[in-house]
1. Quick check on the chain: of the DSSP beta bridges with both residues there, what percent are antiparallel, nearest 5%?
2. Under a Cβ-Cβ cut-off of 13 Å, what is the net charge of the residues other than Ile250 that fall near it, where Lys and Arg count +1 and Asp and Glu count -1?
3. Sort out for me the Cα centre separation of the stretch 4-43 from the stretch 148-185, rounded to whole Å.
4. When the Karplus curve 6.51 cos²θ - 1.76 cosθ + 1.60 is applied with θ = phi - 60°, which whole-Hz ³J(HN,Hα) does each residue of the stretch 20-26 get, with x for Gly and Pro?
5. Rounding to the nearest 20 debye, state how big the charge dipole of the chain is about its Cα centre with +1 on each Lys and Arg Cβ and -1 on each Asp and Glu Cβ.
6. Mean shadow of the stretch 292-361, computed from the convex hull of its alpha carbons, in nm²?
7. Quick one: grab the alpha carbon gyration tensor of the stretch 218-369, order the square roots of its eigenvalues as a ≥ b ≥ c, and give me rounded if a/c is under 1.5, else prolate or oblate depending on whether a/b is larger than b/c.
8. Rounded, prolate or oblate: which fits the stretch 125-202 when a ≥ b ≥ c are the square roots of the eigenvalues of the alpha-carbon gyration tensor, with rounded for a/c under 1.5 and prolate only if a/b beats b/c?
Amino acid sequence: MACNYDNFLEHNTPNNEPLRGKYMKSFGYHSLMHRMPTIFSEIIGILVYSKAEQFNLANKEEIDNVVDKLELLSSEILKNNPLRKIDSSSTLSLMWNQILEKKLNSDSVLTWFGTEWLFTENYLYIRIKEIFEKTKMLQNYDPFKKLKYNAFDKSETTMIAIAEFLIFQFSKKELNDTSLKALFIKMLKICLWGNRFDLSLNIGKSKNITEDPLEAIVSLDRYILADHSDEIWNTLNVSIDKNPKIIDIILDNSAYELFTDMCLADFFVTYGFAEVVVFHGKSIPWYVSDVTKPDFEHFLNRLEKECTSSALQKIGNRWNNYYTAGKFVIECEEFWTLPHCYSAMANEDPELYKKLSASQLLIFKGDLNYRKLIGDINWEPSTAFKDALCKFQPTAVVALRTLKCDCVCGLNSDYEIKIDENDKDNNYLSSTNYWQVNGKYAVVHLSK
């Protein structure tokens, strides 16, 4: 249980303020107090299992040491201790320490619950990385790999259904504009709802995904609270003098969501909307299920060489060929594992901002990217998405996100009526921010 409650407040995050764990009715508080300790338990459980099954004596001693440090870190969070610099000489850690030094100079005390939740949650994962970096034999160990691989297993049936659909579509003759738009909207919605399956928010436990995705996206439309799909289609069809034609997808989760991201990317390549799709992942293991380059490459190889489904083998072969030919590219810039909101990118990483400006379209996937896009601020939900971006506009920006924490923008004034119609039997208003945190609702935003 956390100590040092003096500055904790028994209410939600005030409007137009950054989310912080000290607001005890916010998802930030719930996350730090309940989700984080459970994630530590999952990591420790995997390490203990691995120690018994896979590692030699020297590794086992290191694992015991890692487990002790993870338990100390978990305790540090619950005690609301002050944050400290990262004890590592890696490039990313040095970048973090510069940020921490600047923040320590501006704030008198940085604590887990008192500092912006976006900052402390990102800080957690660089601290986990620090623990493994201090070992001799586990420096490159991904503590979340087993969870990500399990998530692949539990989504294979649904991936087969989508793969069979895609193979059939790609075998057709040229589509007319109406059919092509309908296919795009379908692929966009499949990609959107793929974001529901987030291991960091499901406390490391993957769900069996058995629904028919092609039927589900029709029934799920009523849960989309802002939908700019038509505007995105129109943006794609505007002739832009950029050569080569590039679309960037800033990734969120591995396994099923990564599959749906590649499906959308394949649409862009197949029908000439992009010559290259650049995927942006994380440079280190991050937020349990976020995609790293090893995840990306393992995913492609597993589809083609390890799945028994001929449809998955075919689609895996197709995408591996794209990867080899440079039509699919994976880049893992350090910026994505720093705590900056994206409105700071032009100043903090002008090279990345310039690179993204060359894209026709930036598609940001998932909750963490959304929070960084809009500054992790508890906006009035009717605040326009473009305004919430705080001038981050290197090119056309799309956000595909299922709602999993209590910041959102760009909703119509009647959004509560829509939620009430969907949830009239669930008494959603009796539960703080119920509709904002359970992954049931979604947004499709565009700013250009």
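1. Details: 10 of 32 bridges.
That works out to approximately 30 percent antiparallel.
2. -2
3. Measuring centre to centre over Cα atoms gives 39 Å.
4. 9, x, 5, 7, 6, 9, 9
5. Values: 51 positive and 61 negative charges, 110 e Å.
Once rounded to the nearest 20, the dipole reads 520 debye.
6. Values: hull surface 24.2 nm².
Mean projected area for the stretch 292-361: 6.0 nm², to one decimal.
7. Numbers: a/c = 1.34, a/b = 1.18, b/c = 1.14.
Rounded, since a/c falls under 1.5.
8. Values: a/c = 3.21, a/b = 2.86, b/c = 1.12.
In terms of gyration-tensor shape, prolate.
The numbers here are math on the coordinates, done by the rules we state, and not lab data. Note that the structure is a prediction, hence the values are computed from the model and not measured. So basically every Cβ, Gly included, is an ideal-geometry build from the backbone, and we count neighbours across all protein chains shown.
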